[in-house]
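Shown next, in structure tokens, is the structure this report addresses.
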Amino acid sequence: MPADPCPAGPDFDLVLVGSGLGVHALATAFHAEYGTVATIVTKIAVEAMRRSVTSEVIELGAGASEDDMIARLVALAAERGGARPQLLLANADSVIQMLSDHRAELEEHYAMPMLDAATLERVSDKAEFALLCAEHGVEAPVTEIVDFADAAGPGWEPPTTAIDFPLVVKAARTADMAHVSFAGKKKVWFVESVAELDALLRTIAHSGYTGRVVVQELIPGDDTTECSITAYTDRRGRVTLLCSARVLLGEHTPDALGRPAAMITTPLPAALEQARCLLEATGYRGFANFDVKEDPRDGSLRFFEVNPRIGRNNHYVTAAGANIARFVVADAIEDREIEPVTEVDEILYSLVPVPLLMRYVRKPEMRRWVRSVARRGVHNPWAYGPDGLWAQAYARIVGLNHVRKFLRYYPKPTDSGF
């Protein structure tokens, strides 16, 4: 008989909330490690989730409310009767916030290895994150904060900035910006003049947005100067996972600007240590994903934000040999201390075809590096082996769709990545 690819492990059920690549990659990691079939509760699933051997999907429909989602999660736990531990995870800022808001109700039924509401409020806000970095000696871009709480009142005028142009503007909390709509809305704005900044801030104010935005210095360099750090902090406050990667290419559509599309895992010891210190100092719990950029002016690594979740591209960690499921199961299900992991294999993670990727990697030494690692294989999270040929075809279709989007929104690489 062939060997069982998924040896017996802890007995638990996995419930995931949300949709898209980040949730699908979580499901495949648990399936690869434990043979777990996740129950995914979502409004609308992507086709890969519906067809995958890793998941059983409960779709509530596009009109489902937050209350509908919570009620279904509670009902699901009741149906199972508490026979096995129920592990609850998510991978989107708005969903993490929803689960945090209903924590008292959900914790009766689920293990929820997520940060508490107060910590979530602080670290998921880019403005607060900049203040935390300053407090704990973590290197970050020069940052100013604009508060729109009173922008609807008479006499409000956009503040001026002392930061040199060009600069970058983004919502302090992504979830807050999701509730407004206006022409030219983006995840990140690249601003080149006083007049452009003034016009943008007025537009945001007139949209009814009442949150804050951060105005930051533009750290020069294209996508290849960006880095990703993924971490897990257990209930004891120990950081048990730290994994870093160099971004090679980020997405450039207005609603996805900055999401990594291709990365190579590589050690970044100084940045990993800063991430560990920040997580432990803030009382963090669960997965975290940091956006970092190398400043070519002095070689420093600047921290931009921490996402209170494992991140959409978490498969790069699993593909590099540190399956992300092991860390959360040891903590939340087994209540077991494990040896921290900070070293992983060198792998190429990519959602895009390698020929397209090479169009945007310009430095000769980096091109040689990418080709060398690519010869050992390319890891695409959509192409999960046990899902068979359809998953391979789906990954290719997604890759071709990325080609179309890059040719439209970022046809040639630029020095700034904008």
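The values are calculated or read from the model by the stated rules, or taken from the named source; none is laboratory data. Model, not experiment: these values are computed from the prediction. No Cβ is skipped: glycine too gets one built from the backbone with ideal geometry, and neighbour counts run over all protein chains shown.
Take Asp335 and tell me if it is at pLDDT 95 or above and surrounded by 17 or more Cβ atoms within 10 Å (Cβ to Cβ). Can you show your working first?
Values: at pLDDT 95 or above: yes; surrounded by 17 or more Cβ atoms within 10 Å (Cβ to Cβ): no.
Judged against the criteria, Asp335 is not a match.
Which condition number in (1) surrounded by fewer than 19 Cβ atoms within 10 Å (Cβ to Cβ); (2) within 18 Å of the chain's Cα centre (by Cα) is the one that Leu120 fails?
(1)
Results for (1) over 17 Å from Asp125 (Cβ atoms); (2) surrounded by 23 or more Cβ atoms within 10 Å (Cβ to Cβ), shown as yes or no for each residue.
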residue	(1), (2)
Met263	yes, yes
Leu268	yes, no
Ala271	yes, no
Gln274	yes, no
Cys277	yes, no
Ala288	no, yes
Glu294	yes, no
Asp298	yes, no
Arg312	yes, no
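Looking at Glu128, Glu105 in this structure, which one is at pLDDT 95 or above, part of a helix (DSSP H, G or I) and of a type in the set (Asp, Glu)? Break it down stepwise before answering.
On the way: Glu128 fails: at pLDDT 95 or above.
From the options Glu128, Glu105, the qualifying one is Glu105.
Within region 322-418, which helices (runs of 4 or more DSSP H) (wholly inside it) include 1 or more residues that are touching a residue at least 60 places away in the same chain (Cβ under 8 Å) and within 24 Å of His24 (Cα to Cα)? Before the answer, list the steps.
Numbers: elements: 324-332, 354-360, 364-374, 389-409.
Hits in region 322-418: 324-332, 354-360, 389-409.
Considering only residues that are out of contact with any Lys or Arg (no Cβ under 7 Å at 6 or more places or on another chain) and part of a strand (DSSP E or B), look in region 17-45 and name the one that is nearest to Gln97 (Cα to Cα).
Val17
Where in region 171-280 are there strands (runs of 3 or more DSSP E), lying fully within it, with 3 or more residues that are within 21 Å of the chain's Cα centre (by Cα)? Steps first, answer last, please.
Details: elements: 189-191, 212-217, 226-233, 239-250, 260-265.
Result: 212-217, 226-233, 239-250, 260-265.
Looking at Ser19, is it among the hydroxyl-bearing types (Ser, Thr, Tyr) and more than 17 Å from Asn314 (Cα to Cα)? Spell out the reasoning first.
On the way: among the hydroxyl-bearing types (Ser, Thr, Tyr): yes; more than 17 Å from Asn314 (Cα to Cα): no.
In short, no.
In region 299-321, how many are without any contact (Cβ under 8 Å) to a residue 12 or more places away in the chain and either under 14 Å from Val247 (Cα atoms) or of a type in the set (Asp, Glu) (or both)? Lay out the reasoning, then the answer.
First, pick out the residues of region 299-321 that are without any contact (Cβ under 8 Å) to a residue 12 or more places away in the chain: 299.
If we keep only those that are either under 14 Å from Val247 (Cα atoms) or of a type in the set (Asp, Glu) (or both) too, we end up with none.
Number of matching residues: 0.
Results for (1) free of Cβ contacts under 8 Å to residues at least 60 places away in the same chain; (2) crowded, with 18+ Cβ neighbours inside 10 Å, shown as yes or no for each residue.
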{"position": "Pro154", "(1), (2)": "yes, no"}
{"position": "Glu157", "(1), (2)": "yes, no"}
{"position": "Phe165", "(1), (2)": "yes, no"}
{"position": "Val180", "(1), (2)": "yes, no"}
{"position": "Ala183", "(1), (2)": "yes, no"}
{"position": "Ser193", "(1), (2)": "yes, no"}
{"position": "Asp222", "(1), (2)": "no, yes"}
{"position": "Thr240", "(1), (2)": "no, yes"}
{"position": "Ser244", "(1), (2)": "yes, yes"}
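Kindly indicate whether any position in region 63-72 is part of a strand (DSSP E or B) and either surrounded by fewer than 21 Cβ atoms within 10 Å (Cβ to Cβ) or without any contact (Cβ under 8 Å) to a residue 60 or more places away in the chain (or both).
Taking region 63-72 and keeping what is part of a strand (DSSP E or B), we get none.
No - not one qualifying residue is present in region 63-72.
Which numbered condition in (1) closer than 16 Å to Ala25 by Cα; (2) in a helix (DSSP H, G or I); (3) without any contact (Cβ under 8 Å) to a residue 60 or more places away in the chain is the only one that Ala48 fails?
(3)
Of the conditions (1) in contact (Cβ under 8 Å) with a residue 24 or more places away in the chain; (2) surrounded by fewer than 13 Cβ atoms within 10 Å (Cβ to Cβ); (3) closer than 29 Å to Ile324 by Cα, Ala149 satisfies every one except a single condition; which number is it?
Only one criterion in (1) in contact (Cβ under 8 Å) with a residue 24 or more places away in the chain; (2) surrounded by fewer than 13 Cβ atoms within 10 Å (Cβ to Cβ); (3) closer than 29 Å to Ile324 by Cα is unmet by Ala149, namely (3).
If we scan region 47-56, do we find a residue that is at pLDDT below 95, touching an Asp or Glu at 6+ places or on another chain (Cβ under 6 Å) and buried (at least 16 other Cβ atoms within 10 Å of the Cβ)?
No - not one qualifying residue is present in region 47-56.
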